[in-house]
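Since the structure comes first, as structure tokens, the remarks are kept for the end.
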Amino acid sequence: MDKLMLAVAVVVAGVWVLRHLSTHNRRVCPRCKGTGKVRSGIFSGRFQQCPRCGGANWIKGWGGRPE
Ligand SMILES: [Zn+2]
């Protein structure tokens, strides 16, 4: 019985961790470094919305996946 309870606890904890990571695993966008904008073209004064994060300044997921 104790082993069953332990197994249930491990499964619940595992699911919680995965959900937690999937919803809170945010990190600063490496493309725009959190600015939401990237330099456009050769003119240093012009910026465009970051295509990597869509201007959200951060991405989530493992390995830089957008979602
Ligand atoms: Zn970005």
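Beta carbons closer than 9 Å, at least 6 apart along the sequence or on distinct chains, pair a first residue in the stretch 36-64 that is within 11 Å of the ligand (Cβ to nearest atom) with a second that is part of a loop (DSSP other than H, G, I, E, B) and at pLDDT below 70 for ARG52/PRO66; CYS53/PRO66; GLY54/PRO66; ILE59/ARG65; ILE59/PRO66; ILE59/GLU67. VAL11 meets each of the listed conditions (1) modelled with pLDDT of 85 or more; (2) β-branched (Val, Ile, Thr); (3) within 14 Å of the ligand (Cβ to nearest atom) apart from (3). Restricting attention to the stretch 23-42, the residues being at pLDDT below 85 and within 19 Å of GLY54 (Cα to Cα) number 8. Consider the stretch 1-49. How many of its residues are surrounded by 12 or more Cβ atoms within 10 Å (Cβ to Cβ), among the hydrophobic types (A, V, I, L, M, F, W, C) and within 15 Å of the chain's Cα centre (by Cα)? Residues meeting the conditions: 4. The C-beta contact set for the stretch 2-27 (first residue within 24 Å of ASN57 (Cα to Cα), second residue outside any helix (DSSP H, G or I), distance under 6 angstrom, 6+ apart or interchain) comprises ASN25/LYS60; ARG26/TRP58; ARG26/LYS60.
The values are calculated or read from the model by the stated rules, or taken from the named source; none is laboratory data. Owing to the predicted nature of the structure, the values given are computational and were not obtained by experimental measurement. We place every Cβ from the backbone using ideal geometry, glycine too, and count neighbours over all the protein chains shown.
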